[in-house]
Amino acid sequence: MIANGIKAAITLALLALCAGGIALFYSHLARTEAEESRHELRELERLGEFAERIREFEGDLRNVAGDAGEFFEIIDSLVSQTEDGFRRVAEQRQRMSDTVSRLGDTVRALEGRIAELEEMLYQFESQRPATAARDTPPEPVAAVESAEPAEGESEAETDGTEPRIYRIQSGDTLTRVAREFGVSLNDLMDANPDTDPNRLQIGQAIVIP
């Protein structure tokens, strides 16, 4: 009788342990799915912000096109007018000067927008979920030659077996350097795993794959 009670107690304990394990598994699975959902939501928010910046960039381009159209209209007007001589020419020159000034302001604003878009694109690419990276081992990074390039050099020419070295200059970003050397941003980041793209230093040496 006592033995049967002990067996029943052990059986109930094992069943409780199994039920607890199953509950723990499903709890962990639910937390994992919730975290992935939050990550996807953050990515969608970044995409929305990026799309908004692109729309602003398109608006600036339309402003430039409008100013350029006005500029060419002024040129056509100068060619077609023959009366009032220098007085009209002086007035048109003033209008041209104002238009060119506005074009300069708009172009400078566009340069700022382009820099912002480059940084946003880099941040978006660097923060994307690395699902494939978890399944695929990273490619080995080529070793940088021990001899540092002479001061003032931006590149070190090699014989094809050694990587190129580039020194960061004022205004450089990894996106801009990758575009300048015709390599992908991911390849450039893989070749410089210890480089923080948000803390580039002037004169800092990076490897060009």
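The values are calculated or read from the model by the stated rules, or taken from the named source; none is laboratory data. Quick caveat, the model's predicted, so the values are computed rather than measured. In this analysis, Cβ positions are derived from the backbone assuming ideal geometry, glycine residues included, and neighbour counts consider all displayed protein chains.
Looking at the structure I just gave you, is Phe25 within 49 Å of the chain's Cα centre (by Cα), in the same structural domain as Gly104 (by TED's automatic domain parsing), within 20 Å of Leu121 (Cβ to Cβ) and of a type outside the set (Lys, Arg)?
It is false that Phe25 is within 49 Å of the chain's Cα centre (by Cα), in the same structural domain as Gly104 (by TED's automatic domain parsing), within 20 Å of Leu121 (Cβ to Cβ) and of a type outside the set (Lys, Arg).
Looking at Leu44, Leu14, which is the one that is closer than 30 Å to Glu119 by Cα, without any contact (Cβ under 8 Å) to a residue 24 or more places away in the chain and not aromatic (Phe, Trp, Tyr)? Show your work before the answer.
Working: Leu14 fails: closer than 30 Å to Glu119 by Cα.
Matching residue, one of Leu44, Leu14: Leu44.
Taking interchain pairs and intrachain pairs at least six residues apart, which have beta carbon atoms under 7 angstrom, with the first residue in segment 70-95 and of a type in the set (D, E, K, R) and the second surrounded by 12 or more Cβ atoms within 10 Å (Cβ to Cβ) and not in a loop (DSSP other than H, G, I, E, B)?
Glu70/Thr99; Arg95/Ile74
Is it fair to say Ile54 is at pLDDT 85 or above and surrounded by 10 or more Cβ atoms within 10 Å (Cβ to Cβ)?
yes
Considering each residue of segment 170-201, count those that are assigned to a loop (DSSP other than H, G, I, E, B), among the β-branched types (Val, Ile, Thr) and more than 12 Å from Glu119 (Cα to Cα), and give that number.
2
Given the criterion of a type in the set (Val, Ile, Thr), touching a helix residue (DSSP H, G or I) at 6+ places or on another chain (Cβ under 8 Å), at pLDDT 55 or above and over 29 Å from Arg55 (Cα atoms), identify the matching residue among Ile114, Ile208, Ile165.
Ile208
Within segment 181-189, does at least one residue satisfy the condition of being modelled with pLDDT of 75 or more and either closer than 30 Å to Ala68 by Cα or in the same structural domain as Asp60 (by TED's automatic domain parsing) (or both)?
We begin by selecting, within segment 181-189, every residue modelled with pLDDT of 75 or more; these are 181-189.
Then keep just the ones that are either closer than 30 Å to Ala68 by Cα or in the same structural domain as Asp60 (by TED's automatic domain parsing) (or both); that gives none.
No, segment 181-189 has no match at all.
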